[in-house]
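Just below is one structure, and these are the notes that go with it.
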Amino acid sequence: MIKYYHHKGRLDLEIGGHLQDPVIAYHTYGTINEKGDNVLWVCHALTANSDVADWFPHTVEKGACLDPEKYFVICANILGSPYGTVSPLHENPETGEQYYTDFPKVTIRDMVKAHALLADHLGIRKVRALIGCSVGGFQAIEWAVMEPWRFERMILCATDAKATPWTIALDETQRMAIEADPTYGERRPDAGMAGLAAARAIGLISYRGPEGYNLTQQDPDDIPADTLRRAMTYQRHQGDKLCKRYNAYSYMVILDAFDTHDIGRGRGGMRKVLESIKMPTLVVGLTTDIVFPPGDMRVLADRLPNGKYAAISSPFGHDGFLIETGQLNALFIPFIEKEL
């Protein structure tokens, strides 16, 4: 069941501005033990939410890596997301009106500051494992730098320490699609939906990649020339599907935060910061991921003093971490259970 923490006070933001009395939505599974040493904190990806069991199949169950009978699992919804945490569709307590495009720009560091507020509120001082995939990995590695004392170990899957020109270009193309929708900017929750659908279709191409599409979206032999191809209907279906659960304003906020991600900013550069992360870290790549290619993941692991690289074999590209949960559990479980 979703829970809410209503923080009293200002959350000052990295780029400028603030959020007054922000609400943070979160889910928990399992129970903290007497020693308080069984906490697993999961950071969610772009359009996911704090309900890990909803979007991360076969991980929050007995015998899996996030076993609620053994661990206390927690995930907080990120700033700007439409799943309960303060977002563009929330009312600004200082004006009495919804934010929409007035929502301040947030960064990954701001998202982590909100996570830390929640952790302090809940009295969580020690986390056995900090886990993040994709944009969740951005949050995890940033939090490991900001508060290394809070975590024993970390798992980074299909992610990076800095947004690359490739990923930024993917995001900018999606922003262009949303901005091309003439309704975007209107102060109503369904504004920009045609643009959002197109943006999602663009993003999905990079998430699945050629192998994933060619495996799952093949048309039957001798399909008539005047028949819509399966890949065409799939793209439209996925765009419409996101529009039923998301909004263009939140999507833009999170894309912008994605592109500011750089753990080396203001800290002497990425290499220096990575070398300072001493906790044991499992870095997991996906063999066909074109968003965060496995070669980049190997480099990330090599730059961490206690980094270890492992790979998940999948034809489903970046989305493989949501699909190949058998392989994922096989890698995560021994790392989480290992005594340090």
Inset, instruction - Would you please list the contacts, defined by Cβ atoms under 8 Å and residues six or more apart or on different chains, that run from a residue in the stretch 236-260 that is of a type in the set (Ser, Thr, Tyr) to a residue that is assigned to a helix (DSSP H, G or I)? - result: 246/196; 249/100; 249/101; 251/174; 251/178; 251/196; 251/199; 260/108
Legend entry - Qualifying residue in the stretch 206-220 (condition: surrounded by 16 or more Cβ atoms within 10 Å (Cβ to Cβ), closer than 30 Å to residue 277 by Cα, among the aromatic types (Phe, Trp, Tyr) and in contact with a helix residue (DSSP H, G or I) (Cβ under 8 Å, 6 or more places away or on another chain)): yes
Inset, instruction - For the stretch 197-208, indicate whether the set of residues that are among the small types (Gly, Ala, Ser) and more than 25 Å from residue 233 (Cβ to Cβ) is non-empty. - result: no
Inset, instruction - Return a yes/no flag: does the stretch 314-327 have any residue that is modelled with pLDDT of 95 or more, of a type in the set (D, E, K, R) and open to solvent by less than 60 Å² (accessible area, probe 1.4 Å). - result: yes
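Which members of the stretch 187-205 meet the condition of being open to solvent by 10 Å² or more (accessible area, probe 1.4 Å) and either basic (Lys, Arg) or touching a helix residue (DSSP H, G or I) at 6+ places or on another chain (Cβ under 7 Å) (or both)? Show your work before the answer.
Of the stretch 187-205, the ones open to solvent by 10 Å² or more (accessible area, probe 1.4 Å) are 187-190, 193-194, 197-198, 200-202, 205.
Of everything in the stretch 187-205, those that are open to solvent by 10 Å² or more (accessible area, probe 1.4 Å) and either basic (Lys, Arg) or touching a helix residue (DSSP H, G or I) at 6+ places or on another chain (Cβ under 7 Å) (or both) turn out to be 187, 188, 193, 197, 198, 200, 201, 202.
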Inset, instruction - Being of a type outside the set (A, V, I, L, M, F, W, C) and touching a helix residue (DSSP H, G or I) at 6+ places or on another chain (Cβ under 8 Å) is the filter; apply it to the stretch 72-94 and report the residue that is surrounded by the fewest Cβ atoms within 10 Å (Cβ to Cβ). - result: 92
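Can you pull out every residue in the stretch 198-253 that is among the hydrophobic types (A, V, I, L, M, F, W, C) and at pLDDT 95 or above? Can you show your working first?
Narrowing the stretch 198-253 to residues among the hydrophobic types (A, V, I, L, M, F, W, C): 198-199, 201-202, 204-205, 215, 223, 225, 228, 231-232, 242-243, 248, 252-253.
Once the filter is applied, which keeps residues that are among the hydrophobic types (A, V, I, L, M, F, W, C) and at pLDDT 95 or above, the stretch 198-253 yields 198, 199, 201, 202, 204, 205, 242, 243, 248, 252, 253.
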Legend entry - Candidate set: the stretch 13-28, residues that are touching an Asp or Glu at 6+ places or on another chain (Cβ under 9 Å) and not in a loop (DSSP other than H, G, I, E, B); chosen: the one surrounded by the most Cβ atoms within 10 Å (Cβ to Cβ): 19
Inset, instruction - Go through the stretch 264-291 and give me each residue that's among the β-branched types (Val, Ile, Thr) and in contact with a strand residue (DSSP E or B) (Cβ under 7 Å, 6 or more places away or on another chain). - result: 281, 283, 284, 287
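Per-residue answers, yes or no, for (1) within 24 Å of residue 261 (Cβ to Cβ); (2) within 20 Å of the chain's Cα centre (by Cα):
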position	(1), (2)
4	no, yes
8	no, no
14	yes, yes
24	yes, yes
52	yes, yes
63	no, no
Inset, instruction - Output the residues belonging to the stretch 91-123 that are in contact with a Phe, Trp or Tyr (Cβ under 6 Å, 6 or more places away or on another chain) and part of a loop (DSSP other than H, G, I, E, B). - result: 92
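The values are calculated or read from the model by the stated rules, or taken from the named source; none is laboratory data. All values reported here derive from a predicted model rather than from experimental measurement. With ideal geometry, Cβ positions are generated from the backbone for all residues, glycine too; neighbour counts draw on all protein chains shown. Please note that ligands, DNA and RNA were not included when accessible areas were found on the heavy atoms of the full protein model with its side chains. Shrake-Rupley method; radii C 1.70, N 1.55, O 1.52, S 1.80 Å.
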